[in-house]
Amino acid sequence: MNYQAHYDRLIEKYGAWEKPKDVYTERHRKLPGCMGGKYVKDNAFYLEARAHFVAHQFLVKLYPQNKD
């Protein structure tokens, strides 16, 4: 399975640069903080809770060696 492609599609479909006012969202970094990612433009965006959970499941599969 190509986890990177699925992760990218999830972000394209559900990611929002501006915080939506009518739905609960969580902030997410495309490049995780434990790998040097910062909350900056083009790396941080908002995802609905379920999409955020799934994004982290993909990150676990993409970076199994990273235990942080």
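Out of the residues in the stretch 28-40 that are small (Gly, Ala, Ser) and surrounded by fewer than 14 Cβ atoms within 10 Å (Cβ to Cβ), which is farthest from Phe58 (Cα to Cα)?
Taking the stretch 28-40 and keeping what is small (Gly, Ala, Ser), we get 33, 36-37.
Then drop every residue that is not surrounded by fewer than 14 Cβ atoms within 10 Å (Cβ to Cβ), which leaves 33, 36.
On the way: Gly33: 15, Gly36: 18 Å.
Among those that are small (Gly, Ala, Ser) and surrounded by fewer than 14 Cβ atoms within 10 Å (Cβ to Cβ), it is Gly36.
To keep it simple, each residue is scored yes or no on (1) touching a residue at least 40 places away in the same chain (Cβ under 8 Å); (2) acidic (Asp, Glu).
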position: Glu26; (1), (2): no, yes
position: Lys30; (1), (2): no, no
position: Tyr39; (1), (2): no, no
position: Asp42; (1), (2): no, yes
position: Glu48; (1), (2): no, yes
position: Leu59; (1), (2): yes, no
position: Gln65; (1), (2): no, no
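Yes or no, residue by residue, for (1) open to solvent by 40 Å² or more (accessible area, probe 1.4 Å); (2) touching a Ser or Thr at 6+ places or on another chain (Cβ under 6 Å); (3) assigned to a loop (DSSP other than H, G, I, E, B):
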| site | (1), (2), (3) |
| --- | --- |
| Arg9 | yes, no, no |
| Glu18 | yes, no, yes |
| Val23 | yes, no, yes |
| Glu26 | yes, no, no |
| Asp42 | yes, no, yes |
| His52 | no, no, no |
| Phe58 | no, no, no |
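The values are calculated or read from the model by the stated rules, or taken from the named source; none is laboratory data. The structure displayed is predicted, hence computed values, not measured ones. Neighbour counts run over all protein chains shown; Cβ positions are idealised from the backbone, glycine included. Surface areas here come from the heavy atoms of the whole protein model, side chains and all, with no ligands, DNA or RNA. Shrake-Rupley method; radii C 1.70, N 1.55, O 1.52, S 1.80 Å.
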